[in-house]
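> The structure that follows is given in the form of structure tokens.
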Ligand code: FES
């Protein structure tokens, strides 16, 4: 019996090698209801295939060069943050669907693929202040 696949486009960019970012398309098998029921663990009680499951499948079975990050796998730490079809989500608690586009978090430096630079609270404050000043300069046309 053939399984339904999930088609997913993933942002790929290695600043050390690539001139431009690109998207790579993958097809990942959708979990059957039975597989989804048995996948739930003490760490993740979701009985469905998540975006993080899709990334895990790509990394483990199709393309081990894909970089992404996660930690708690239960929606608490935010380490798996990504933009899916234009919406910022925690990929470990977001259900996978067909025709997904997965990108790194916006406005942060990409380390590789979906991994972005980690900022300290001080750096984030400085970044926000700089971005706000730049927006004000643009809006009021002063330099
Ligand atoms: S891995 Fe911690 S919120 Fe997803």
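The values are calculated or read from the model by the stated rules, or taken from the named source; none is laboratory data. Everything numeric in this text was worked out from a predicted model, so none of it was measured. Cβ atoms come from the backbone with ideal geometry, glycine included; neighbour counts cover every protein chain shown.
> Please go through segment 52-68 and give me each residue that is part of a helix (DSSP H, G or I), within 14 Å of the ligand (Cβ to nearest atom) and within 17 Å of residue 13 (Cβ to Cβ), ordered by number.
55
> Exactly one condition in (1) assigned to a loop (DSSP other than H, G, I, E, B); (2) surrounded by 17 or more Cβ atoms within 10 Å (Cβ to Cβ); (3) near the ligand (Cβ under 10 Å from one of its atoms) is false for residue 89; which is it?
Against the list (1) assigned to a loop (DSSP other than H, G, I, E, B); (2) surrounded by 17 or more Cβ atoms within 10 Å (Cβ to Cβ); (3) near the ligand (Cβ under 10 Å from one of its atoms), residue 89 comes up short only on (1).
> Just checking, does segment 31-38 include any residue being out of contact with any helix residue (DSSP H, G or I) (no Cβ under 6 Å at 6 or more places or on another chain), at pLDDT below 95 and either within 15 Å of the ligand (Cβ to nearest atom) or in a loop (DSSP other than H, G, I, E, B) (or both)?
yes
> Which condition breaks for residue 71 when tested against (1) assigned to a strand (DSSP E or B); (2) over 24 Å from residue 4 (Cα atoms)?
Result: residue 71 passes all but (1).
> Could you identify the single residue in 20, 27 that is in a strand (DSSP E or B) and away from the ligand (no atom under 16 Å from the Cβ)?
From the options 20, 27, the qualifying one is 27.
> Scan 96, 82 and give me the residue that is in contact (Cβ under 8 Å) with a residue 12 or more places away in the chain, over 26 Å from residue 16 (Cα atoms), in contact with a helix residue (DSSP H, G or I) (Cβ under 7 Å, 6 or more places away or on another chain) and within 15 Å of the ligand (Cβ to nearest atom).
The match here is 96.
> For residue 74, are the conditions met, namely being within 16 Å of the ligand (Cβ to nearest atom), in contact (Cβ under 8 Å) with a residue 12 or more places away in the chain and more than 13 Å from the chain's Cα centre (by Cα)?
yes
> I would also like to ask the following. Could you please find all residues in segment 56-79 being over 20 Å from residue 25 (Cα atoms) and touching a strand residue (DSSP E or B) at 6+ places or on another chain (Cβ under 8 Å)?
75, 78 - these are the residues of segment 56-79 that are over 20 Å from residue 25 (Cα atoms) and touching a strand residue (DSSP E or B) at 6+ places or on another chain (Cβ under 8 Å).
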